[in-house]
Amino acid sequence: MDLKRKRELYNACDPFRTLGVDDTRIVDLDNLKDKNGKSINIRGEQWAHSMFTDFAYSDKPICKYFSGYTGSGKTTELKRLEKMLTDNDYFPVYIDSLDFFDLSNEIDAIDIHIAIIYSVMQKIAIAENKDSNSLIEEENGYFSKLVKFLSSDVSLEKINVNTGVAKFVFNMKQDTTLRRKIRTNITDRISTFKTEIFEEFEKLNERAKKINPNGLVVIVDSLEKLAGTSSNWDEVVKSAERVFDHQYQNISLPVHSIYTAPTFLVTKGVSLEFLPVIKVRSRKEKGTKEGEVYDNGVDALHSIIKKRVDEDALKEIFGKNHDADLREIILFCGGLTRDILKIMQKFIKLDNFPATKDDKENIFAGVKNHFKDSIFEDDYAWLREVAKANDYITPNDEKTFVSERMFKNHVILRYRNHDRWYDLHPAVKEILSSEE
């Protein structure tokens, strides 16, 4: 296989590249059938459709939090939701938080509200055949008033309002100190700020309804990537708890909205719509070590791989028994699509085909070594409890940070039949088994 072909296959297996709703590589996981032609649902429900009907049937605004592991398909589901909304006369506004925030630092509802209004104004202006920044830069508009207010009390440069809004938003992302000052300033008048935000959304929703009669729906993606470093982890986690606290509805709006949220908030009791990992084993029965292989899940993941790597390439990479090799990879990854695609990339990078047994063992060992860097001996007893119960076991207080880290690093995986359940990544199970 030449370099050009290997590069093509390698990039087709990029686990961090979101596929568009019309991409031919997408496998419709909501409309699968088993070998007998019976409809099956391998993720518990039809996620995009379920979220759409929640919005469509409610006569009052709904605020949803949506979570799941990196590469599990959250953005694809949100893009499908966006299309369903558009097709049914809503005016959805999709926002990628990475365009506005440095997600390695703490965040606040104030930051999010400003980013949303900015994005909504841009999309409405474009739909009205105006310059994208025309609403943002209106002389007596919302942002002009906000920038004038902040520039009088916060260390923003004295800027011309007509050219200052873009710089204001850029600074919000780049300068965390500035963001804190803005929050402090607005917090002193938070009631007024929220009232003005809601009033502005109601105005924008009326404009949106003139374009699509069912009005605005706000979709905020990538907030699940919020994660601190060793020096600020606690501050970032606490900021996430404040933002996503249902009790205080800090980021609710007078229109339907959905936000992605970090997986570790499960450990904080935050109510999340959680996109599960594709199940490749059934939940184990009491007294058994491992659940039975769930062929429907394995077959679905086979299809995902084969949409990216064609049959001829698979035969060249793995040899004539490539289906058995793919099955082993899928089971080793516990159904986690991201890890499956990363392992496929490693096989594609091999110098010689077909892959040997030593090649496979080296690649699997590399995955286990990665997990060894994420867990410590002190974690073993608690992780064994999780594996034994097939459930999330609340740790004692000093282990709270550990459980947050385990979700972030995909050590603990969440599945769903009708009820949700948990298990350890199979590579982690192998590590624990070798230490017994």
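The values are calculated or read from the model by the stated rules, or taken from the named source; none is laboratory data. Keep in mind it's a predicted model, so treat the numbers as computed, not measured. Every residue, glycine among them, receives a Cβ derived from its backbone with ideal geometry; neighbour counts consider all protein chains shown.
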Qualifying positions in the range 355-401 - of a type in the set (Val, Ile, Thr), assigned to a helix (DSSP H, G or I) and without any contact (Cβ under 8 Å) to a residue 24 or more places away in the chain = 363
Evaluation of residue 81 against (1) of a type outside the set (D, E, K, R); (2) farther than 26 Å from residue 209 by Cα; (3) surrounded by 16 or more Cβ atoms within 10 Å (Cβ to Cβ) (one fails), failing number = (2)
From the list 280, 243, pick out the single residue that is in contact with an Asp or Glu (Cβ under 8 Å, 6 or more places away or on another chain) and of a type in the set (Val, Ile, Thr).
-> 243
Only residues that are surrounded by 21 or more Cβ atoms within 10 Å (Cβ to Cβ), in a helix (DSSP H, G or I) and either at pLDDT 90 or above or of a type in the set (Lys, Arg) (or both): list them for the range 264-297, please.
-> 297
Test result for residue 30, at pLDDT below 95, more than 19 Å from residue 338 (Cβ to Cβ) and not assigned by TED's automatic domain parsing to the domain that holds residue 259 = yes
Might you check whether a residue that is assigned by TED's automatic domain parsing to the domain that holds residue 127, modelled with pLDDT of 95 or more and closer than 17 Å to residue 56 by Cα occurs anywhere in the range 221-242?
-> no
Pick out the one residue from 371, 364 that is modelled with pLDDT of 90 or more and under 23 Å from the mean Cα position of the chain (by Cα).
-> 371
Scanning the range 51-79 residue by residue, those over 17 Å from the mean Cα position of the chain (by Cα) and either among the β-branched types (Val, Ile, Thr) or in the same structural domain as residue 305 (by TED's automatic domain parsing) (or both) turn out to be 53, 62
Given the conditions (1) under 30 Å from residue 111 (Cα atoms); (2) under 19 Å from the mean Cα position of the chain (by Cα), every one holds for residue 234 apart from (2)
Can you pull out the residues in the range 124-179 that are in a helix (DSSP H, G or I) and at pLDDT 75 or above?
-> 124, 125, 126, 127, 142, 143, 144, 145, 146
Filtering the range 1-29 for residues that are without any contact (Cβ under 8 Å) to a residue 60 or more places away in the chain and among the aliphatic types (A, V, I, L, M) leaves a count of 2
Among the residues of the range 71-101 satisfying the criterion of being touching a Ser or Thr at 6+ places or on another chain (Cβ under 9 Å) and among the polar types (S, T, N, Q), which is farthest from residue 261 (Cα to Cα)?
-> 76
Of all residues making up the range 41-74, the number that are β-branched (Val, Ile, Thr), surrounded by 15 or more Cβ atoms within 10 Å (Cβ to Cβ) and over 23 Å from residue 250 (Cβ atoms) | 2
